[in-house]
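The values are calculated or read from the model by the stated rules, or taken from the named source; none is laboratory data. All of these numbers come straight from a predicted model, not from anything done at the bench. Backbone-built Cβ (ideal geometry, glycine too); neighbour counts: all protein chains shown. These area figures cover heavy atoms from the full protein model, side chains too; ligands, DNA and RNA do not enter into them. Shrake-Rupley method; radii C 1.70, N 1.55, O 1.52, S 1.80 Å.
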Amino acid sequence: MSAKQLAKKLKQQFEEIVSGPVEFRGELTVEVSDASQIAEVCRFAKEALGFDYLVDLTTIDNYEEAPRWTAVYHLYSYEHFCHLRLKTSVSEEVSELPSVSTVWRTANWHEREAYDMMGIRFAGHPDLRRILMWEGYPYFPLRKDFPLAGKSSEMPDVAFSDPAPLEGGPFVTVAGGEDSTAREPRVRNPEG
Amino acid sequence: MSSTEVGYNSKVEGDVVHTTLDAAVSWFRKHSLWPMPMGLACCAIELMATGASRFDISRFGAEVMRFSPRQSDLMIVAGTVTYKMALAVRRIYDQMPEPKWVIAMGACASTGGMYRSYAVLQGVDRILPVDVYISGCPPRPEALLEGLMRLQNKISNEPHVKDAKPARAREVAVA
C-alpha cells in the first residue's frame, strides 16, 4: 500500500481532526488539528496502518505566531516501505502534548529532547527529564527568543554557563534579498 | 697541545656528573610526563595517532597514557569542553597529584573554537591553568609533539627545588 492510501485510511478513521494529505516533493504530510488526540492517531497509524518505526520527533517554534509550537512526527513503515509525516500544533499556554512513548518506545528520548530544547511537556511520559542539558538548567535553548550566545546560569558543583562572545556575529543569511550583497551572510543582530 | 681539559673526563672522574639538583629534577620530570588523555572530541583521534606507531609519542617519554588522574601529571584536553563536562574536567584535574601541567589541544579546548554557543565553555583556561595552547582544528600530531616539546622546555626552566626553601621557611615562621 502506498503512503497516499495509508493517509487516506488515517483520514477516514479520524475524519474531524485529520486534514490533507499535502504532498511536497514526494513527501506526504498530514495535519492533526486536535493535539490532544495525537497519541490515538499515532497508535492507529502504528497498529492498523503498519507505521512501525518513528524516525524522528521534532518541534518547531513559530515565534510571535499562534499557536507557538508545532510537533512533527516522521513515521516509516517497514510493512509498506513508505514515509508519512504528522504535524500538530499546540499553544504556548498549553505547551503540553500527550506522550507517544507508549506507542513507540523510541519516542521516550525524542520527547525528552523536545522538552529539554523547547520546554514542551509530554503528558504520560514515564521519565520526562532533560537529556542534553543538565538537570536544573533554567532555560530552553532552542526557543527563538533564546539568544544564540546563551545566558548565564549557575548550579554549584554541577555546571555553570556564560554567554559566548560572538565577535560581531551572528552571521546571518537572509533568503529572498534583491542582490547577493543582501543575501550573503552578514552581521545582523536580532536587536538592531 | 695543552694538558688542560675542559669539561667531563670519564677517565679522571669516573661515572660522575656534576649538576644542580634543580636541573636534574627538571630533566627527570620533562622526560617522563604521564599524560591523562582528556579526549572529548575529534582532537582525541589525533591524540591517539600521536600515541601510535607512526608519530610515537614515546620518543619524548610521554607514552604512558594513564586513564587514572592519580597516576598522571599532564592533562591533554583534546576536544570541545561543554559546560556539562566542564566541572567534571576540573574534578579530574583536581585529582591529579602535583606537579601537574595542562595542554589545551586544538581550537575548541583553547578558545571554544567554532562553537560560539550556549553549550560550550569558551576555552578550558577558564577553569584550569593551561601551560601550552596548540592551534589547529584538529592539530596535526606533529603540532601536539611540538606542544609537548615546548612544555618540556618550560619544565626544564621551572624552579623545582629552589621553591621548596621559602615554603619551609614560612612553615617555620608560622610554628
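Per residue, segment A:6-85 exposes 55 Å² of solvent-accessible protein surface, assessed with a 1.4 angstrom probe and all protein chains in place. On the principal axes of its alpha carbon atoms, the protein assembly as shown extends 110, 54, 45 Å, with the longest extent given first. On the beta carbon distance between B:ALA23 and B:GLN95, with R0 = 22 Å, the FRET formula returns roughly 0.15. The B-A contact accounts for roughly 1300 square angstrom of buried accessible surface, both chains included, probe 1.4 angstrom. Kindly state, to the nearest 0.05, the FRET efficiency for A:ILE60 paired with B:SER156, given R0 = 45 Å and r defined as their beta-carbon distance. It comes to 0.20. For the set A:ASP145, A:ASP157, B:ASP131, the ranking by accessible area, highest first and with no ligand, DNA or RNA atoms included, is A:ASP157, A:ASP145, B:ASP131 under a 1.4 Å probe. In terms of accessible area, using a 1.4 Å probe and ignoring ligands and nucleic acids, B:ARG29, A:ARG68 rank largest first as B:ARG29, A:ARG68.
Between A:LYS8 and A:ASP34, the simple spin-label model (points 7 angstrom out along Cα→Cβ) gives 2.5 nm. Once the mean of 1/r is taken over each pair of separate Cα atoms and inverted, segment A:49-190 shows a Kirkwood hydrodynamic radius of 17.6 Å. Mean residue ellipticity at 222 nm from the helices of chain A, using -39,500 (n - 2.57) per DSSP H segment of n ≥ 4 over the full residue count, to the nearest 500 deg cm²/dmol? Calculated from helices alone, the mean residue ellipticity at 222 nm is -5500 deg cm²/dmol. The label-point distance for A:GLU92 and B:ARG70, in a model that sets each label 7 Å from Cα toward Cβ, rounds to 5.3 nm. In this structure, the pairs whose alpha-carbon distance is over 26 Å, taken from A:LYS151/B:LYS84; B:LYS30/B:LYS84; A:LYS87/B:LYS84; A:LYS144/B:LYS84; A:LYS4/A:LYS144, are B:LYS30/B:LYS84; A:LYS87/B:LYS84; A:LYS4/A:LYS144.
Accessible surface area normalised per residue over segment B:9-150 is 50 Å², counting heavy atoms of protein chains with a 1.4 Å rolling probe. Surface composition of segment A:1-100: carbon plus sulfur atoms hold 46% of the accessible area, using a 1.4 angstrom probe and ignoring ligands, DNA and RNA. Along each principal axis, taking the top coordinate minus the bottom one, the Cα set of segment B:1-142 gives 73, 30, 24 Å in descending order.
Label-to-label distance, A:VAL174 versus B:ILE45, with points set 7 angstrom from Cα along the beta-carbon direction: 3.8 nm. Across the options A:GLN37, A:LEU57, A:ALA3, the greatest Cα extent toward the positive end of the charge dipole of segment A:2-58 (unit charges at beta carbon of Lys, Arg, Asp, Glu) belongs to A:ALA3. The residue among B:SER156, B:PHE28, B:LEU40 whose Cα reaches farthest toward the positive pole of the charge dipole of the protein assembly as shown, with charges on the beta-carbon of Lys, Arg, Asp and Glu, is B:PHE28.
If the Kirkwood radius is taken over C-alpha pairs of segment B:80-163, then at 20 °C and 1.002 mPa s the Stokes-Einstein diffusion coefficient equals 156 µm²/s. Helix A:107-118 against the longest principal axis of chain A: what's the angle in degrees, Cα atoms only, rounded to the nearest 10? Tilt relative to chain A: about 30 degrees. Accessible-area rank, largest first, for A:HIS74, B:HIS160: A:HIS74, B:HIS160, with all protein chains present and a 1.4 angstrom probe.
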